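Notes follow once the structure below has been shown.
All of the numbers you see were taken from the coordinates with simple rules; none came from a lab. Since we're looking at a predicted model, the values are computed, not measured. Note that we place each Cβ from the backbone using ideal geometry, even for glycine, and neighbour counts take in every protein chain shown.
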Amino acid sequence: MSTEAPYQFRWLDRLVPEHAERYLGLYLRVLERDSTVGFPGPFEPAVGQKIVADLNRDLSEKRCHLLVADTGSSFLFQGTLIQSGSPNNRHMAGVFRAMVDPEVRGHGVMWRTLPAFISKCRELGVELVYLDVRAGSPAEQIWKHMGFKVFGVLPGYSRVDGQLFDGIYMYLSVAEAFEIARKRNLL
Ligand SMILES: CC(C)(COP(=O)(O)OP(=O)(O)OC[C@H]1O[C@@H](n2cnc3c(N)ncnc32)[C@H](O)[C@@H]1OP(=O)(O)O)[C@@H](O)C(=O)NCCC(=O)NCCS
């Protein structure tokens, strides 16, 4: 097990080249081990460039918000928060592509993202957060353990190497997240 390097949580409004390298570096380290974040395995450099270009476009248009745990040379966590664009649903946001470096999992990095997510949600007027996850993955158990509640199951949600997996859809109110974070002395 590696020692966890000191890191800072930061919301990035743009991936400059050094951030893009850290973002893709973490994504590829995760894909070496997990097939639960969009790809069945590590992607080609051209795919990585497109991911960065798409993310930069969404960040510049404020359609998504990117939180990272930055050591200064690599990211140990990254995840995006996407607020609903329709006026009736602006109080909701989804968390997508949340991932922690395999070398530092199980050390509370995900827990420690809570204050940053809570304050960003409050800033945006978001009161409810949702996410989806592959049924049977460790992440399903982790989100449940952190307080997320299941509101649906989508049969055949993902197709990986010829296998079909259901998807579990979950939500957590920001008020509940605040209470959970407070009880764990994270605030
Ligand atoms: C999901 C993920 C981000 C969690 O990161 P992490 O750094 O391991 O999370 P933490 O160390 O903060 O652990 C969170 C809690 O979950 C618990 N946990 C860890 N693995 C667990 C498991 N398999 N079952 C139940 N709880 C588990 C931890 O013990 C901890 O709770 P505790 O402090 O009360 O003991 C990480 O596993 C990951 O990157 N997975 C691969 C990518 C992925 O699938 N992302 C989700 C896409 S929806």
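For a distance above 26 Å, tell me the whole-number percent of Cα pairs in the chain that qualify.
30 percent
So, counting K/R as plus one and D/E as minus one, what does the shell of residues with Cβ under 13 Å around ALA116 add up to?
+2
For a label point 7 angstrom out from the Cα of ASN89 toward its Cβ, which stretches of region 116-154 have the backbone nitrogen within less than 17 Å?
Residues passing the 17 Å test: 125-133, 151-154.
If R0 is 25 Å, what FRET efficiency do you get for SER73 and ALA53 from their C-beta distance, rounded to 0.05?
Efficiency, from the Cβ-Cβ distance: 0.60.
For the chain: lysine pairs with Cα atoms under 30 Å, gap of 8 or more or different chains, count?
10
For region 117-187 and region 2-21, write down the distance between their C-alpha centroids in whole Å.
Here the answer is 23 Å between Cα centres.
Mean residue ellipticity at 222 nm from the helices of the chain, using -39,500 (n - 2.57) per DSSP H segment of n ≥ 4 over the full residue count, to the nearest 500 deg cm²/dmol?
Roughly -10500 deg cm²/dmol at 222 nm, from the helical runs in the chain.
Connecting C-alpha atoms closer than 10 Å in a GNM of the chain, tell me which of GLN78, GLN141, GLN163 has the biggest fluctuation.
GLN163
Based on the alpha carbons, how large is the Rg to Rh ratio for region 1-84 when Rh follows Kirkwood?
Taking Rh as the inverse mean 1/r over Cα pairs, Rg/Rh reads 0.96.
Below 8 Å, C-alpha to C-alpha, sequence gap of six or more: please give me the relative contact order for the chain in percent.
Contact order relative to length: 19 percent.
Which residue fluctuates the most in the chain, going by a Gaussian network model with Cα springs under 10 Å, if the choices are GLY136, GLY167, GLY25?
It is GLY136.
Rg to Rh ratio, region 64-151, alpha-carbon atoms and Kirkwood radius?
Result: Rg/Rh = 0.97.
Using a 10 Å Cβ count of at most 13 others and DSSP loop calls, identify the longest part of the chain lacking such GluC sites (Glu not before Pro).
The longest such stretch corresponds to 62-187.
When ARG22, ARG105 are ordered from fewest to most other Cβ atoms inside 10 Å of their Cβ, what list results?
Starting with the residue having the fewest Cβ neighbours, the order is ARG105, ARG22.
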